[in-house]
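A short write-up of the structure that comes next.
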Amino acid sequence: MIKQIMPLSLIVALRFFGLFIVLPVLSIYALEMEGATPFLAGLVVGGYALTQAAFQVPFGLMSDKIGRKKTLLFGLLIFISGSVLAAMSDNIYMLLVGRFLQGAGAIGSVVSAMIADLVKEEERAHAMAIMGGTIALSFAAAMIIAPIVGGHWGIDKLFWLTAILSVMAIGILFTAVPQPPKIVHSYSEEESKMLDVFKDKSLTRMYITFLFHSSIMTMAFFIIPLVMTQSLEDGGFGWAKAELWKVYLPAMIFGLISMGPAAVFGEKYGKGREVFMISVAIIFLGFIAMGFATTPWVFIMGVVFFFIGFNMFEPLLQSFVAKFAKVHQKGAALGVANTFAYVGIFLGGLLAGYLMQHFGRGTLAIVVAVIAIAWFIWVATMPNPNNRGNVYLPLDIFDREKVAALTSHEAIVESYVNETENIAVVKYEKDMIDEDEVRGLLS
């Protein structure tokens with residue numbers, strides 16, 4: 001599994017590193033450009049998410065139709081062009097266009113769908129955790145490198161670095177990423193339409209969770225650098241840009257540590273819903289601390305709490321969507337989930353910029369607290385994705401026509417054939433039937 005997942009994880013980590021590396025300092029940089037306002041700076045921070053939201057589903061559908069690798073190449077090329085334009089920007093509007101173009105390379109759902117193709121469902125959480133871990137490491141590196149490079153040599157160099165790393169990702173794509181297996185399913189063209197991914201209420205609940213998660217992330221990254229670098233007279237703590245790594249490093253360390261227990265309890269012990277609820281509560285406490293801190297150390301403690309709560313979601317979100325989605329709609333479902341995530345990023349950037357311009361961080365913290373309460377209630381009422389299991393049936397022993405006929409049983413969610421491995425896969429509801437009973441239906 002590691003050999004299959006690591007090249008893809010490295011690709012997505014390099015790309016996310018390019019997005020993350022500007023986040024710790026972008027709001028400050030944007031405010032210094034010609035024509036900038038706090039609202040436009042917020043749009044720059046979250047603007048790439050608008051085009052990400054617009055193109056996640058088309059990219060997911062494209063990958064289902066023409067293949068994952070071709071789609072990944074197309075998205076990376078678009079992302080590179082946006083990074084170059086952002087690096088060359090000399091005013092806020094040119095920077096906005098570059099950020100929008102960066103977002104148009106919407107490959108996140110394609111990578112997740114490809115991992116879902118390559119890995120059995122029982123191992124998928126582990127695979128997603130590996131990918132989440134590499135993203136988190138790239139995130140940690142970006143949090144440390146960005147303030148140092150941006151503070152000493154200029155933030156435009158960060159965009160150039162992003163473009164170079166994306167070129168490296170293309171090289172990895174065609175030298176190390178394996179071809180996904182050939183999957184055969186019996187879904188009709190009518191069942192494969194886009195709206196089908198909204199029919200499952202469990203999937204819809206996950207989409208909204210993505211929205212909450214990403215919007216609050218953007219609001220955090222908008223206020224952290226601003227508050228830490230603003231003068232004492234303006235309500236900040238007067239730190240230099242190059243010192244921001246001292247804020248992000250401890251937060252990232254605790255955030256990375258929190259991912260392991262979250263993955264274990266969420267997948268191995270089937271407590272994903274409970275992990276989500278704890279995460280939301282920790283994020284709530286983090287924002288209250290950031291919103292009303294009167295010393296930098298209390299503010300930093302709030303940042304640490306935020307990172308712990310935020311990172312606890314990472315190993316589980318994509319995995320849960322892939323569990324709820326049927327085999328023919330994984331790319332589309334993950335595309336919709338990521339669309340909701342990027343809509344959240346966009347709205348979070350706009351909301352943070354507006355509230356900071358007109359009210360201040362205390363009001364922003366109260367707004368986030370209200371969102372967190374609604375989010376907590378939403379998560380508390382969602383179903384547990386671990387209630388579904390899979391049976392893997394070798395086709396040299398079991399008849400594929402009999403396997404396909406199992407879908408008429410009320411406890412069978414779906415069945416499909418992995419031609420590459422010559423096995424049939426049957427997904428079933430654990431609270432209605434067990435694995436032995438599924439095999440018994442084929443006797």
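Selection of first residues in the stretch 232-248 that are in contact (Cβ under 8 Å) with a residue 60 or more places away in the chain and of second residues that are in a loop (DSSP other than H, G, I, E, B) and of a type in the set (Gly, Ala, Ser), restricted to Cβ pairs under 8 Å at least 6 apart or on distinct chains, gives the following pairs, ordered by first then second residue: GLY235/GLY360.
So which of PHE310, PHE284 ends up being at pLDDT 80 or above, surrounded by fewer than 24 Cβ atoms within 10 Å (Cβ to Cβ), within 14 Å of the chain's Cα centre (by Cα) and within 30 Å of ASP200 (Cα to Cα)? Before the answer, list the steps.
Values: PHE284 fails: within 14 Å of the chain's Cα centre (by Cα).
When all the criteria are applied, what remains is PHE310.
Every condition in (1) closer than 15 Å to LEU441 by Cα; (2) touching a residue at least 12 places away in the same chain (Cβ under 8 Å); (3) out of contact with any strand residue (DSSP E or B) (no Cβ under 9 Å at 6 or more places or on another chain) is met by ILE397 except one, and the failing one is (2).
Which ones in the stretch 66-92 are part of a helix (DSSP H, G or I) and closer than 17 Å to VAL22 by Cα? Break it down stepwise before answering.
So in the stretch 66-92, the residues part of a helix (DSSP H, G or I) come out as 66, 68-87, 92.
Across the stretch 66-92, the qualifying residues are PHE79, ILE80, SER81, GLY82, SER83, VAL84, LEU85, ALA86, ALA87, ILE92.
Here ALA49 clears all of (1) open to solvent by 10 Å² or more (accessible area, probe 1.4 Å); (2) under 16 Å from the mean Cα position of the chain (by Cα); (3) more than 14 Å from VAL111 (Cβ to Cβ); (4) of a type in the set (A, V, I, L, M) except the condition numbered (1). Return yes when PHE310 is within 21 Å of SER138 (Cβ to Cβ), in a helix (DSSP H, G or I) and touching a helix residue (DSSP H, G or I) at 6+ places or on another chain (Cβ under 9 Å) and no when it is not. Yes; evaluated as a whole, the condition is true for this residue. Of the residues making up the stretch 361-387, just one is in a loop (DSSP other than H, G, I, E, B) and open to solvent by less than 20 Å² (accessible area, probe 1.4 Å), namely MET382. Residues in the stretch 20-39 that are crowded, with 21+ Cβ neighbours inside 10 Å and closer than 18 Å to PHE346 by Cβ were compared, and the one that is farthest from the chain's Cα centre (by Cα) is ALA30.
The values are calculated or read from the model by the stated rules, or taken from the named source; none is laboratory data. Just so you know, these numbers come straight off a predicted model, no measurement behind them. Don't worry about glycine lacking a Cβ; one is built from the backbone with ideal geometry, like all the others, and counts go over all protein chains shown. Quick note on the areas: whole protein, heavy atoms, side chains included, nothing else; ligands and nucleic acids left out. Shrake-Rupley method; radii C 1.70, N 1.55, O 1.52, S 1.80 Å.
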